[in-house]
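These notes are about the structure you will find just below.
The values are calculated or read from the model by the stated rules, or taken from the named source; none is laboratory data. Just so it is clear, the model here is predicted, and its values are computed rather than measured. Using ideal geometry, Cβ is built from the backbone for each residue, glycine included, and neighbour counts are taken over all protein chains shown.
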Amino acid sequence: MTERKKGSVTALPGPGPLRDADQVRAIATRLKRAQGQIGAVVRMIEEGRNCEEIVTQIAAVSKAVNTAAFTMLTTSMRECLAESTAESSALADRLQKLFLSLA
């Protein structure tokens, strides 16, 4: 396994781009929807809307973004494990750490 130096931190090769076109579209759609929700939340704040309504919408945005991240990571894990290369084990460990960072 080749390591790359990034500043003073050693960076292992990370997961590449997703190859599953359906998942890429699903993730992009979810994030675009979340982007629209964020705009709506900003308008709600500027309009002086009820705190409970705003927090409910922020929770929905947060869930959408987290779901997109989890979907991306699980898809990447499946693709990585299907390849079964010499770097798969280290890459799976990195993906697991990324997955747990969302928990």
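Structure data summary
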| quantity | calculated |
| --- | --- |
| Out of Ala82, Ala68, sole residue that is in contact with a Lys or Arg (Cβ under 6 Å, 6 or more places away or on another chain), aliphatic (A, V, I, L, M) and either closer than 24 Å to Arg19 by Cα or in contact (Cβ under 8 Å) with a residue 24 or more places away in the chain (or both) | Ala68 |
| Where a residue in the range 43-57 is modelled with pLDDT of 95 or more and its partner, wherever it lies, is of a type in the set (S, T, N, Q) and not in a helix (DSSP H, G or I), with Cβ under 9 Å and at least six apart | Met44/Asn50 |
| Test: residue in the range 13-28 that is surrounded by fewer than 10 Cβ atoms within 10 Å (Cβ to Cβ) and modelled with pLDDT of 85 or more | yes |
